[in-house]
Structure formats: structure tokens, C-alpha cells
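Notes for the one structure printed next.
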Amino acid sequence: MELHRPGIGYSCPHSFWLKYALVTPNQLTAAALVVSYWVDAERVNPGAWITIFLSVIVTLNCISHKFPSRIEFYVSSFKLVIMLGLMILSTVIALGGGPDHDRRGFRYWSDPGAFGAHHHHAHGLLEKFYITCSTMSSATFAYIGSERSGICHFPNVQKATSRAIKNTFYRIMVFHLLAITLLGMIVPQDSVSVAFNSEANHEAAASAFVAALYLAGISVLPDLLNACILLFVLSIADYDLYLATKAMCDLSLKHRAPAFLSRTTSRGVPIYSLGVCSSMATLAYLNVCQDSTVVFGYFVDMVTMLGLLTWISILITHVSFVRARRAQGIPDKALAFRARFGLPGTCLALVLCLFIAVTIVFDSFSYEAGTRKFDAGSFIASYISIPFYIILLIGYKLAVVNSKRVLPMEADLWTDKNAPEHESVEGN
């Protein structure tokens, strides 16, 4: 006997597809921003770069349905090497080993500080709270997609899932938190203007590590690093298009989308699903008539909310699963995998996700000279996903499966004996 893996496929699969369908134009927008580091948008319209990049990733997805995942594997390995090198270099710069021999240490933590000098006024504490909450969208966006560690396709599900989750935890602890700490030591809050002397194209396109290299007086490396960043972004865009295509094909196979979307070519490529997802990627052409940084921000807001909704679905499903399992007296040892912090950890994560979803509203406010300005476009981009999510969820439950509320004692937790093994994990 095997247990259902309540999660992405059972909570709201359409929102999972929509998230990756929107991540693709988001990554194309990021790629256009990276290129504008070298070529200003006034010289070459971002639409030209988006056309080139979109053609490349669609072609790669057409070659083979497994090709994008292989590319992402090798590029990710290269990315780890680059990140290790950057962290070592950042430590050297912080300790005064750079060309400028400036021993920065933790100087930038107090001067200019995290908020800048112009935020120190009578209502500074409340304003700092607003600004901190406004960073929730971009901070959460960095971790969107970690739920993929629970999607396993290996013979030994228990070991594969445990290993994937541990690797995700270590990656966050080492490569994210340590890298952020080091960046805070070598890059001041007003870093971009300082590093590039207010050149518009650099201010819009430079990553924090590129700014750090400029501030330290290191030449050549900023351009090489920017080229690596462009490679990483395009690889992720290619892989996200693959995930969106696969998600739509799976929806079709499970009769949750039109049947023709599951048709594949001789190479196993679901060509119609790829066509639909590629059409969604053309949203990146919004860069043609608007500033790329603004469009990128809108996409980040939309994808972040979709990611939070996906996690809220996963967590609520896990709570329901645990309640049903306990009501039926199913022991822990019957599960192939158990969440490390159990039900309390799931409830805490659910509260945090709901809190972040609410505080994202502060991302719609900007602060200039101590005054707050409301950005209606950012607000709509942040919360437009919620009505779509509700419509898809309720529409699917009522129109497709006609589902009803099931009491924990009546829940059917056991699947058919021939169910795929990779769907027999309790995860959150």
C-alpha cells in the first residue's frame, strides 16, 4: 500500500503551471536588463534581445523534452563554482585584500546603513518597518521554486527526497545567507550610484556583485561576471519554459486541460503545450513600451504571489493529510517520508506565508524625501493572482470533479497498488 503525496498536483495544479508560465517572461526581462549593462535600451530596444533569447529557449525545448533539464544541471554546477569564487573574493575584499586595500569590515552596516541617512527622522521607525516589509516580495521571489525538491522521479523515493531537501537547506544556508552577509560588508546601501557615477544603464542593470567589483577597483571581472549572469538567467528561462510545458502536458494527461495539449512529437516534446507556454512568454515584450526595471518588478510581484499561493496550498493539504492520517490511526512508519518539524512546522510555515502575502502590499509604496507614494500598478501585479487562483480552484472543484468536503475519518488516503512510487511521499 502507498500513500498519496498531497502537494502541488493535488492543491491547485493550474496555479503551479501559471507560476512557471509567468516566470519565463520574467527571466527574459531579466536577461534584457543584464544586456543593458553593455548596450543601453535607447540604443537597442529590449524587444530585440527578447526576440533572440525567446527564439533560443524555444528551439532548445523543441530539440528534446529532456534537453533543458540537462543544460540546467551543468549550468547549475558551473554556477556553484562561480558562487564559491565570489564568496572567497568578497571575503578578501572585506578584509582589505582588494586593489584599493580598503578594509571595509562591517563599516557599511552603520554608514550608510540599511536604510540610508535620509530615513532618520521623527517617524523613522515606522517607515523602516514599511520599507522592510516592502522587501518581502523580492526576498520571497529568491526562494520560489524550492518546492521542486519534493518532486522526485527516482526508484528510491525516501532517500532521494531526503537528500534533495537537505541539499536545498544547505544551499540556502551557505549560498544565500552567507552571500547576502558578505554583500552587506562590501556593498553600501547606495552602491550603484557610487560604483558607476550615476550612469543610467549601469544603475539599471548592475548586479550587487558587479557593483562590489567596481567599488573594489577590480577591472575586467565585472564584464566576465555579467556574462556569467546572462548565461545563468537564460538557462533558468529555458528550464522554466520546460517546467511550464511539462506542467501543462501533465494537466492534459490528467484531464484537467484540453486533450490535444498532451500530444508529443517523435522526440517526446509536447509541442502544443510548448506553443501555449511560449505564447505566454511573449508577455516579456511589455519591455518594448515600458522601462525594463518596472516590468521586471511587476513580474516579480506576480510570480511571488503565485509561489506563495502554491506553498499555502501545499501546507493546507499537508495539514489535512496529517489530520486524516491521525484520525484513521495510520502510523508514522507507514510513510516513506515525514516532514522534519511535523505539523507544528507546517502551521508555522503557513502563518509566515500568509503574513508575507499581506505585507507584500508595502511593495506598492515608494519613499522619496520622507514622503510615501502609492504605485497602483505594483499593487495590481501583486494581488491579481489571488482572484485567478480562486477562480481556478473553485472552478476545478465544482465544474470538473464536483468535489465535496470530506471528514478526516472518511478520507481515502490509500492509492492503488500500481500507483507510481514517486507520488507516495508526504512532503511540505
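The values are calculated or read from the model by the stated rules, or taken from the named source; none is laboratory data. None of the values given here were measured: they were computed from a predicted structure. Note that each Cβ is placed from the backbone with ideal geometry, even for glycine, and that neighbours are counted across all protein chains shown. Surface accessibility is based on the protein's heavy atoms, side chains included, excluding ligands, DNA and RNA. Shrake-Rupley method; radii C 1.70, N 1.55, O 1.52, S 1.80 Å.
Taking the condition of being assigned to a helix (DSSP H, G or I), of a type in the set (D, E, K, R) and surrounded by fewer than 14 Cβ atoms within 10 Å (Cβ to Cβ), how many residues in the stretch 61-80 meet it? Looking only at that region, the number is 1. Is it the case, given these coordinates, that residue 86 is in contact with a Pro (Cβ under 9 Å, 6 or more places away or on another chain), assigned to a helix (DSSP H, G or I) and farther than 30 Å from residue 261 by Cα? No: the conditions fail for residue 86.
Return a yes/no flag: does the stretch 380-391 have any residue that is under 22 Å from residue 17 (Cβ atoms), under 22 Å from the mean Cα position of the chain (by Cα), at pLDDT 70 or above and loosely packed, with under 11 Cβ neighbours inside 10 Å.
Initial filter on the stretch 380-391 (under 22 Å from residue 17 (Cβ atoms)): 380-391.
Going one step further and asking which of them are under 22 Å from the mean Cα position of the chain (by Cα), we end up with 380-390.
Checking the rest, the ones that are also at pLDDT 70 or above come to 380-390.
Filter once more, so that each one left must be loosely packed, with under 11 Cβ neighbours inside 10 Å: 387.
Looking for residues that are under 22 Å from residue 17 (Cβ atoms), under 22 Å from the mean Cα position of the chain (by Cα), at pLDDT 70 or above and loosely packed, with under 11 Cβ neighbours inside 10 Å, one finds at least one in the stretch 380-391, hence yes.
Only residues that are among the aromatic types (Phe, Trp, Tyr), touching a residue at least 60 places away in the same chain (Cβ under 8 Å) and part of a helix (DSSP H, G or I) were counted across the stretch 15-50, and they come to 3. Just so you know, in the stretch 352-379 the residues that are in a loop (DSSP other than H, G, I, E, B) and modelled with pLDDT under 70 include one that is surrounded by the fewest Cβ atoms within 10 Å (Cβ to Cβ), and it is 369.
State whether the residues of the stretch 247-267 include one that is assigned to a helix (DSSP H, G or I), closer than 24 Å to residue 50 by Cβ and under 21 Å from the mean Cα position of the chain (by Cα).
So far as the stretch 247-267 goes, yes, one or more of its residues are assigned to a helix (DSSP H, G or I), closer than 24 Å to residue 50 by Cβ and under 21 Å from the mean Cα position of the chain (by Cα).
For every residue, the table says whether it meets (1) farther than 24 Å from residue 187 by Cα; (2) surrounded by 13 or more Cβ atoms within 10 Å (Cβ to Cβ).
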| position | (1), (2) |
| --- | --- |
| 20 | yes, yes |
| 38 | no, yes |
| 41 | yes, yes |
| 48 | yes, yes |
| 59 | yes, no |
| 87 | no, yes |
| 90 | no, yes |
| 99 | no, no |
| 107 | no, yes |
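For residue 79, the conditions (1) over 21 Å from the mean Cα position of the chain (by Cα); (2) under 25 Å from residue 184 (Cβ atoms) all hold with the exception of (1). For residue 199, indicate whether it is touching a Ser or Thr at 6+ places or on another chain (Cβ under 7 Å) and at pLDDT below 80. Taking the combined requirement at face value, the residue does not satisfy it. Just one of the listed residues (295, 322, 276) is open to solvent by less than 60 Å² (accessible area, probe 1.4 Å) and under 17 Å from residue 65 (Cβ atoms), and it is 276. Within the bounds of the stretch 106-122, is there any residue that is farther than 27 Å from residue 297 by Cα, at pLDDT below 70 and not aromatic (Phe, Trp, Tyr)? Yes, because at least one residue in the stretch 106-122 is farther than 27 Å from residue 297 by Cα, at pLDDT below 70 and not aromatic (Phe, Trp, Tyr). Entry remark, the stretch 324-351: residues being in a loop (DSSP other than H, G, I, E, B) and at positive phi number 1 in total.
Taking the stated definitions as given, is residue 264 open to solvent by 10 Å² or more (accessible area, probe 1.4 Å) and touching a Leu at 6+ places or on another chain (Cβ under 9 Å)? Step through it out loud before you land on a result.
Working: open to solvent by 10 Å² or more (accessible area, probe 1.4 Å): yes; touching a Leu at 6+ places or on another chain (Cβ under 9 Å): no.
Criteria not met by residue 264.
With the structure loaded, tell me whether residue 284 is in contact with a helix residue (DSSP H, G or I) (Cβ under 7 Å, 6 or more places away or on another chain) and within 30 Å of residue 36 (Cα to Cα) or whether it fails that test. Don't jump to the end; show me each part of the working.
Numbers: in contact with a helix residue (DSSP H, G or I) (Cβ under 7 Å, 6 or more places away or on another chain): yes; within 30 Å of residue 36 (Cα to Cα): yes.
Here the answer is yes, as residue 284 does meet what is asked.
Checked against (1) over 17 Å from the mean Cα position of the chain (by Cα); (2) at pLDDT 80 or above, residue 156 passes all but a single condition, namely (2).
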